Amino acid sequence: MRLSPDQIVFWEYGFIHINLTIVTTWALMILLVVGAWLITRNMKSEIKRSRWQNILEMIVLIIRDQIKEIGLKEPDKYLGFIGTLFLFIAVSSLFTIVPWYEPPTGSLSTTAALALSVLISVPVFGIAESGFKAYLRSLAQPNFLMLPLNIMGEISRTISLAFRLFGNMMSGGLIASILISIAPFFFPIIMDALGLLTGMLQAYIFAILAAVYIAAGMQNEERKTVKSGSEKELDTQI
Amino acid sequence: MDSITIIGLVSIITAGITMAIGGMMPSIAEGKAVVRALESIAQQPDSSPTITRTLFIGLAMIETSLIYCFVISMILIFANPFWNYFVDL
C-alpha cells in the first residue's frame, strides 16, 4: 500500500526525482498564481465589481483580521507569508473532490518544507521587528540557562507542525482507500467529506500556529510596554 | 519462530496497542477541553471568538500526540524498517 504520493515517480535522473508530489505542487502553484493574477489584473474600487474580486477581498480581509487578533500589530507585513501558507494548504486539501487527485500535503517532504519555512521565518521576522539583540534575549527568556531548552522547543515544534499536517492528510486518504476495499459505495464519500473539513481545519491551524510562533518570537518589546501600562492603571486606581 | 515471524507479530500487536492507548488518552483530553470551552462560552458569549480560536489551537496541540501514535503505527504496519531489513536479507 502507498503511504504518500512520493512513491509515484514519473522521471528520474541521478538524485533528481520528479514524482507526483512535485507535479501536483507545481500545478497548484501555477493555478494560484495565474488565478490571483487574473483576478487582480483589473481591480475596481466602484460598487459594481467582479465576483472574483469580492471573494478574494473577503479571504484577504479575514486572514488579516485573524492575524491582527493573534497579537501582531501590523498584519500587512505577515499577510504574504501566512496567507500563502493558508491558501496553499487549503487549496491542496480542497482539490480532493477531484477524482484521482492526491494532496501534496499528504507527503512528509511538503509538510517538512512548509514547517522549515516557518522555522526560518520566526527569527527573520523577529530580527526585522526588534533587532538582533532583542531576538537573542527573547531566546534566553527566563534566564540564560533556558537557552538550549528554548532552541530545542523551536525545533520540536517545527517537527510537530510538519507531522500534524502530514498525519492528518495521510490518514484521510488512507481511511478512504481502506474503506473502499471494505464498503465500496457509500462510506468513502462520507469519509472524504470529513477529510475536506479536517483539511480546511488543518490549513487554519497551520496558519494560526505560524502566526502565533511569529508573534511569540517578537513579543519581548510589547510585553514590557503592556506591563508598564497595567502598572500605570493600578497607580491611578490606587 | 524465526526472526521475521517475531517481527511481524510484535509489530502488529504494538501497532494495535499504540493506536488504542494513543487514541484513548487524547480523546479524553479533547473532551475535557471542549467541555470547558463550552462552559466558558455559555458564561461569556461575547468572548466566544477568542475562546473558539484558543480552543482550536489547543485541540491541535492535543491531537499532535495522537498523530504521532498514528504515524508510528502506520510505519510499523506498512513501512516497517526491521521487516524490510530481514526481507532483503
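The values are calculated or read from the model by the stated rules, or taken from the named source; none is laboratory data. All of these numbers come straight from a predicted model, not from anything done at the bench. Backbone-built Cβ (ideal geometry, glycine too); neighbour counts: all protein chains shown.
Taking the stretch A:34-89 as the range and being in contact with a Ser or Thr (Cβ under 9 Å, 6 or more places away or on another chain), exposed (fewer than 15 other Cβ atoms within 10 Å of the Cβ) and closer than 22 Å to A:Phe125 by Cα as the test, only A:Glu69 passes.
For the stretch A:1-58, filtering for residues that are within 14 Å of chain B (Cβ to nearest Cβ) and not aliphatic (A, V, I, L, M) leaves 4.
So that you can scan it fast, the table gives a plain yes or no per residue for (1) at pLDDT 80 or above; (2) away from every other protein chain (no Cβ under 14 Å):
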residue: A:Leu165; (1), (2): yes, no
residue: A:Pro184; (1), (2): no, yes
residue: A:Met191; (1), (2): yes, yes
residue: A:Leu194; (1), (2): yes, yes
residue: A:Phe206; (1), (2): yes, no
residue: A:Ala216; (1), (2): yes, no
residue: A:Glu221; (1), (2): no, yes
residue: A:Lys224; (1), (2): no, yes
residue: A:Ser230; (1), (2): no, yes
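Within the stretch B:34-61, take every residue that is within 11 Å of another protein chain (Cβ to nearest Cβ) and touching a residue at least 24 places away in the same chain (Cβ under 8 Å) and give me the one that is nearest to A:Ala210 (Cα to Cα). If we take residues in the stretch B:34-61 being within 11 Å of another protein chain (Cβ to nearest Cβ) and touching a residue at least 24 places away in the same chain (Cβ under 8 Å), then B:Gly58 is nearest to A:Ala210 (Cα to Cα).
Looking at the structure I just gave you, is B:Phe78 surrounded by 12 or more Cβ atoms within 10 Å (Cβ to Cβ), touching a residue at least 12 places away in the same chain (Cβ under 8 Å) and not aliphatic (A, V, I, L, M)? Judged against the criteria, B:Phe78 is not a match. For the stretch A:112-223, the helices (runs of 4 or more DSSP H) that sit wholly inside it and include 1 or more residues that are in contact with an Asp or Glu (Cβ under 7 Å, 6 or more places away or on another chain) and surrounded by 18 or more Cβ atoms within 10 Å (Cβ to Cβ) are A:147-182.
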